[in-house]
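Nothing in this text is a laboratory measurement; each read-out follows from the coordinates by a stated rule. Predicted, not measured: the structure shown is a model, and the values here were computed from it. Cβ coordinates were reconstructed from backbone atoms using ideal geometry, including for glycine residues, and neighbour counts include every protein chain displayed.
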Amino acid sequence: MYLTSIEYQEHQGTSNYWSVKKLEFGNVNLIVGKNSSGKSRIINIINALAVSLAGRAAPFGSGSWSAEFERQKGLQREPQVYKVEFKDTAIVHESFKVKSNTVMERGASGEGYVASRKGGRVKYQVPRDRLMAVMRSDPYQHPQFEHLKIWSTSLCVYRFGSEFGKGSLTMQNQPSPAGGQQDGLDMAAAVDNASNVFLMTHAKFGFDFEFSVLQDLESIGYPCTYVGMHPIQNINFAGSFPLGLAVKEAGLACLTTQNDMSQGMYRALALIVQVNANILWAQSRKVGRELLPGDSPMIIIDDIGEGLDFDRSKRLIHLLVQKALKYKIQLIMSSNDRFIMNDVPLEYWTVLHREGSVVRPFNYMNSKSVFDEFEYLGLNNFDFFSHEYFKASSQG
Amino acid sequence: MKKLAIFVEGYTEFFFVHRLINEVAGYGRVRFELTQHTGGRLISLKSEGPPEDAAEMFIMLCNCCGDGKVKSAILERAPLLKNTGYQTVIGLRDLYPKQLHELEKLEAGVKTDFSYPGLDLKIFIAVAEIEAWFLNEHTHYQRVNPALTHKLIVDESGFDPVRESAETAVRHPAGKLNSIYALVGEQYDKKQSGMHRMLSLLDFDRLYWDVRPMSSSFDEFVRGIEGFIDSPPTVS
């Protein structure tokens, strides 16, 4: 499923009130905004909804989500809307709509219903702090939740500006945190563990995987002749050495292990490993046909390009956008780097503008004429942001 | 010494304008500073021409590398340009991918908020790309390949480089140029090495005398350059 919009608020009626007005998404999205405009917070909001729906989060003290999705069903697109509101770590309302039919609704008591396959309503009572969409998700009885579940359990959030798993190493004979290979790799569980993702993906796809990683590294300006797993000699666990990512850079005789890489190079390598693994595992689940929107996990990359030089970060973004379009991956990136902004077409932009505790998004979907007019001024994309041209839509 | 800064979109314009100025001004009169604006930095590539004390004028030519729009790069650099003695700053950008009917709107747009005290700022728009100017230099096709005759071009591409103005007749000039070259197995190469070959094939006399009357955007740009070249020298 594709996430087409999200709207959020918390602590309504109190001094801690905070909200994000309806933010619509396309296939490729770049979220830009000044510091503390809410970029990372929006990513956290999407992530929090996903981990809740995946049954991996404790209930929130406060928070109200309204998320719209689109499911590719053959050539048709089926709209789905999920809403949930938390108050004092309990759920006060939850509903799920598929097309125009409400297929689940419950109130603060936990009492509610789920539409049955035959069209009737089955009454349920769930604990006040548990989601009906999680408790009553069942591929046979209530298959309507399946796509929501797949979206939520597979969402991958990569914090590019962080350490991004540089310190995470892998023991060859230990079970993977990302699970086995029968149903594919749980990429969402290994967003900070590129070495493990590499190990598991390489074991399944071998040279195809290695080749695509090398090709992508070269395309962003890191030509390498080898990528693989290598024992990290200076760390010893009861006589065995953990494995880390290693590359052989063109022109260098020795290997560069992930410990020795610059943070920028490691981040780029880790992201390329993660994205290629995502594509290959998604393809292996859909053998015999091209990937459709929603087949690959939604990918969110916070602070894309952080720590990379201008040229490489530009190339990395080109690569990601190209892959997202080719493999129908929904991609959300965030940045406040002016050079990244200049290089990403405005059609992918969402500018966040915070007025007090309210975050308003501006993008092609809600401010098309302002974006179109700006094209004629002959200015950089960054000027659109820095001179606040986007605000013309709220003034006009 | 009078000083001019020219900001262009990419390699094609960069090498073409460099050569054009030498042809129009005459070799040995202009000292050039060739630069590149990338990643927010202005990188000096090389200086050439007569020494500063012998040169009549100084021109900084800057390739914005496509990643910085010409207008933004000029506005960003304007204070420094003013402080280092430049009087005139010229920008050159393409109309493409916008279409001819959008030209007026684009011209008005690029003039909006485009000024800096003490600097004469102008942006010229090549319609639709500077390749339109190359398309009308009809003698160069024979130098690309003798098999590329006028008749073959007209018959196969539907464009008559002698009689039609590429400015109004061709929506995507670089694509048209490539498709014409492809008639004889050649290709139009926008890479740096390809541009040097292209410039060696063009006849700048023909451009100056034959293409200008056919192409108003080229004529305006040349007049802009000549306006600076023919302007009186400054005291500083």
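Shown in residue order for segment A:142-159 are the 3J(HN,Hα) couplings computed by the Karplus curve 6.51 cos²θ - 1.76 cosθ + 1.60 at θ = phi - 60°: 10, x, 4, 8, 4, 6, 5, 5, 4, 4, 6, 7, 9, 3, 10, 10, 9, 8 Hz (x for Gly and Pro). Here the 3J(HN,Hα) profile of segment A:225-235, calculated from phi with Karplus coefficients 6.51, -1.76 and 1.60 at θ = phi - 60°, is 9, 8, 9, x, 9, 9, x, 8, 5, 8, 10 Hz, Gly and Pro shown as x. A Förster radius of 45 Å, combined with the Cβ-Cβ distance separating B:GLU104 from A:LYS118, puts the computed FRET efficiency at roughly 0.10.
Neighbouring Cβ atoms from other chains, within 10 Å of the Cβ of residues in B:103-109, number 3 on average. In this structure the amide hydrogen of A:GLY61, modeled in the peptide plane, comes within under 5 Å of the amide hydrogens of A:THR89, none closer than 5 places in sequence on its chain. For B:LYS2, the residues 5 or more places off, or on other chains, whose built amide H falls under 5 Å of its own are B:PHE58, B:THR234. A quarter of the convex hull surface defined by the alpha-carbon atoms of the protein assembly as shown gives 36.1 nm² as the mean projection. The ranking of A:MET261, A:MET333 by Cβ neighbour count inside 10 Å, starting from the fewest, reads A:MET261, A:MET333. Taking N as the residue count of segment B:42-136, its C-alpha radius of gyration divided by 2.2 N^0.38 Å amounts to 1.23. A protection proxy built from the mean count of other Cβ atoms within 10 Å ranks the segments A:246-254, A:5-13, most packed first, as A:5-13, A:246-254. A helix-only calculation puts chain A at -9000 deg cm²/dmol for mean residue ellipticity at 222 nm, using -39500 (n - 2.57) for each DSSP H run of at least four residues, averaged over all residues. From its DSSP helices (H runs of at least four residues, each -39,500 (n - 2.57)), chain B gives a residue-normalised ellipticity at 222 nm of -11500 deg cm²/dmol.
Close amide-amide hydrogen proximity is noted between A:SER116 and A:ARG121, A:VAL122, each under 5 Å apart and 5 or more residues distant or on a separate chain (H modeled in the peptide plane; Pro and chain starts excluded).
Partners of A:LYS204 within straight-line reach, counting lysines whose Cα lies under 17 Å from its Cα and excluding those fewer than 8 residues away in the same chain: A:LYS286. Scoring A:368-374, B:227-233, A:356-362 by mean Cβ neighbours within 10 Å over their residues and listing the highest first yields A:356-362, A:368-374, B:227-233. Beta bridges per DSSP, both residues in chain B: antiparallel share near 25 percent. Contact order, relative form, for chain A: 19 percent (alpha carbon pairs under 8 Å, 6 or more residues apart, mean separation divided by residue count).
Evaluating 6.51 cos²θ - 1.76 cosθ + 1.60 at θ = phi - 60° for every residue in segment B:211-227, the Karplus couplings come out as 7, 3, x, 8, 10, 5, 5, 5, 4, 5, 5, 4, 5, x, 5, 5, x Hz, glycine and proline recorded as x. Neighbouring Cβ atoms from other chains, within 10 Å of the Cβ of residues in A:370-380, number 6 on average. Packing, as the average of other Cβ atoms within 10 Å across residues, places the peptides A:63-71, A:384-392 in the order A:63-71, A:384-392, highest first. Here B:LEU42 and A:ALA108 are evaluated by their C-beta separation; at R0 = 60 Å the FRET efficiency comes out at 0.45. The simple spin-label model puts a point 7 Å past each Cα toward its Cβ; for B:THR112 and B:GLN187 those points are separated by 3.9 nm. When a/c reaches 1.5 or more, the comparison of a/b and b/c decides; with that in mind, is segment A:166-297 rounded, prolate or oblate per its Cα gyration tensor? It is oblate, given that a/c is not under 1.5 and a/b is not larger than b/c.
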